Amino acid sequence: MNIKKSYVCPDAHEKNFPIERNGIPMEHTEQILTAQLEASPIIAAVRTPEALKRACRTEIGTVFILHATLSDLAEQVHFAKDAGKSVFIHADLVEGLSTDAAAVRYLRDVTDADGLISTRSSVIRAAKECGFLTVQRFFVVDSQALEAIERTVSQTHPDCIELMPGILPTVVSRLHAKLPMPVIAGGLVETKEQVISLLSAGASGISTGREELWTL
């Protein structure tokens, strides 16, 4: 099964937009993220440098770094960028790093990551100000949590949201219909059938640590 699609990325320089991050105008970031997910909706969620290296040997387009230390983070990001991957750092899970605006500016200055992932609204806001693409992660534990997602994104305006766990097609379908940004499903996605079901429900991407799914 090959679920990758061809696309033409928007020309980021056809207008005189201010350049904010990795040569990409802020005005085009959501378009570019959407195009990346359309081309390669499976996202490699990696927790070790070894897993990152294996992900970089696949045709997968996007990597989520879910664990790193301050000492090896820049090297990991650089390795993945050299392999042609879009790289997102889970800012809440970097050992030795706080979760505030200063930490976000540090990640901007020492890495060339494309985006940040966080459950924290303050981090998402700071990341957007620094020119990062943003993925706000939400844990859907009950109906109240589901309602809170809609309230939160109306204030933080992330480029994308990630739902945890990602095995809830009805929830994906509901939020896909209500929210303007792409929805990523992540967590407990373990089979090709689940991937197909979630994409059919409206998910733009699937983040998974299951390496056998990286080559779908």
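The values are calculated or read from the model by the stated rules, or taken from the named source; none is laboratory data. What you see is a predicted model, and the numbers here were worked out from it, not measured in a lab. Positions of Cβ are backbone-derived with ideal geometry, glycine not excepted, and every protein chain shown enters the neighbour counts.
Tell me, please, whether a residue that is modelled with pLDDT of 95 or more and in contact with a Phe, Trp or Tyr (Cβ under 9 Å, 6 or more places away or on another chain) can be found in region 189-206. No: zero hits. If you go through region 145-200 and pick out every residue that is closer than 25 Å to residue 47 by Cα and of a type in the set (D, E, K, R), you end up with 5. Select from region 186-207 the residues that are farther than 18 Å from residue 38 by Cβ, outside any helix (DSSP H, G or I) and either among the charged types (D, E, K, R) or in contact (Cβ under 8 Å) with a residue 40 or more places away in the chain (or both) and list them in ascending order. Selection gives 190 alone. Within region 63-93, being under 20 Å from residue 130 (Cα atoms) and among the polar types (S, T, N, Q) holds for one residue alone: 86. Under 7 Å by Cβ, and 6 or more places apart or on different chains, what pairs join a residue from region 171-184 that is at positive phi with one that is buried (at least 16 other Cβ atoms within 10 Å of the Cβ)? No pair meets every condition. A residue that is surrounded by 14 or more Cβ atoms within 10 Å (Cβ to Cβ), outside any loop (DSSP other than H, G, I, E, B), among the acidic types (Asp, Glu) and modelled with pLDDT of 85 or more occurs somewhere in region 38-46. For region 166-180, residues that are at pLDDT 95 or above and surrounded by 14 or more Cβ atoms within 10 Å (Cβ to Cβ) total 8. For region 120-138, a residue qualifies if it is surrounded by fewer than 18 Cβ atoms within 10 Å (Cβ to Cβ) and within 19 Å of residue 67 (Cβ to Cβ), and exactly one does: 120.
Region 61-169 holds no helices (runs of 4 or more DSSP H) entirely within its bounds that carry 2 or more residues that are touching a residue at least 40 places away in the same chain (Cβ under 8 Å) and closer than 16 Å to residue 181 by Cβ.
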